[in-house]
Amino acid sequence: MTGPAWAPLFLTLLGLCVGSFLNVVIYRVPRQLSIVWPGSFCPVCRAPISWYDNLPVVGWMLVGGRCRVCRARISARYPVVEALTGGLFLLHLIVFGWDPTLVPRILFACAMVALFAIDLEHKLLPNAITLPGIAAGLAFSLVFPPGIVDAAIGVVAGYGSLWLVATAWELFAKKEAMGGGDLKMLAMVGAFLGWQGVVITFFVGFVVGGVFSGMLLAARKVRLASQIPFGTFLAIGAVVASFWGLQMLNWYLSFYRM
């Protein structure tokens with residue numbers, strides 16, 4: 001990793017601030033509220049939140065995770081998202097260095113953080129994120145890897161592969177397997193990471209989702225008929241694919257070249 005010595009700290013602090021904005025997106029987009037106006041407010045009493053209480057991570061800790069006005073609990077999701085985003089910004093710098101690819105990959109990771117949290121809470125993957133994400137991924141791919149051809153193939157592969165899986169399951173089980181949001185989300189992954197990223201995302205998401213669902217079933221926290229937010233696991237797979245997807249795919253294919 002090359003660049004000025006202050007760069008890691010600067011990028012981490014920037015990530016914390018972006019994480020604070022992502023919390024706004026996560027709360028407001030599913031509720032169809034403006035992400036611009038009004039300013040931050042308590043989700044219970046709607047009292048405005050002061051700037052010093054809105055500092056990433058620190059603000060939540062200073063108020064003890066409660067609103068200063070009504071004393072209602074404020075979800076720990078807020079500092080977690082902020083800290084996670086700050087950590088992802090730093091990790092991107094470590095993995096990609098000061099390569100121009102850093103910009104689209106960070107934006108992609110931010111979208112995945114938002115989709116992860118929204119799907120986990122609402123079982124929803126909003127078009128307001130996935131559809132512009134597909135367009136942005138294709139636009140970036142005109143200049144950055146994976147290139148527009150692989151990106152276009154990735155969109156078709158991402159949407160089409162999940163559509164085939166969902167259709168097959170619906171024919172077999174006579175019920176809906178997944179919503180259209182999952183299909184658009186994987187198409188967005190394809191736009192940013194190409195068809196190779198789709199393969200790794202689907203594989204990692206399927207494995208992580210399977211393990212997590214199995215643990216919940218074993219603990220009797222869910223039933224077989226329960227709806228599992230697959231987009232949450234796709235988001236994990238997508239971030240892994242963004243960082244190490246090509247290396248993972250080349251490692252796997254190396255077994256067939258021997």
Under 6 Å by Cβ, and 6 or more places apart or on different chains, what pairs join a residue from segment 233-247 that is touching a residue at least 12 places away in the same chain (Cβ under 8 Å) with one that is surrounded by fewer than 24 Cβ atoms within 10 Å (Cβ to Cβ) and charged (D, E, K, R)? 242/105
I want to confirm something. Restricting to segment 212-231 and keeping residues that are part of a helix (DSSP H, G or I) and either surrounded by 11 or more Cβ atoms within 10 Å (Cβ to Cβ) or not assigned by TED's automatic domain parsing to the domain that holds residue 244 (or both), which single residue is modelled with the lowest pLDDT? 217
Where a residue in segment 28-42 is without any contact (Cβ under 8 Å) to a residue 24 or more places away in the chain and its partner, wherever it lies, is among the aliphatic types (A, V, I, L, M) and not in a loop (DSSP other than H, G, I, E, B), with Cβ under 6 Å and at least six apart: 35/24; 35/25
Residue under question is residue 85, and the condition is that it be within 14 Å of the chain's Cα centre (by Cα), β-branched (Val, Ile, Thr), surrounded by 20 or more Cβ atoms within 10 Å (Cβ to Cβ) and not assigned by TED's automatic domain parsing to the domain that holds residue 241; does it hold? yes
From the list 83, 157, 139, 114, pick out the single residue that is closer than 12 Å to residue 188 by Cα, among the hydrophobic types (A, V, I, L, M, F, W, C), in contact with a helix residue (DSSP H, G or I) (Cβ under 8 Å, 6 or more places away or on another chain) and part of a helix (DSSP H, G or I). 157
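The values are calculated or read from the model by the stated rules, or taken from the named source; none is laboratory data. Quantities reported herein were computed from a predicted structural model and do not represent experimental measurements. Note that we place each Cβ from the backbone using ideal geometry, even for glycine, and neighbour counts take in every protein chain shown.
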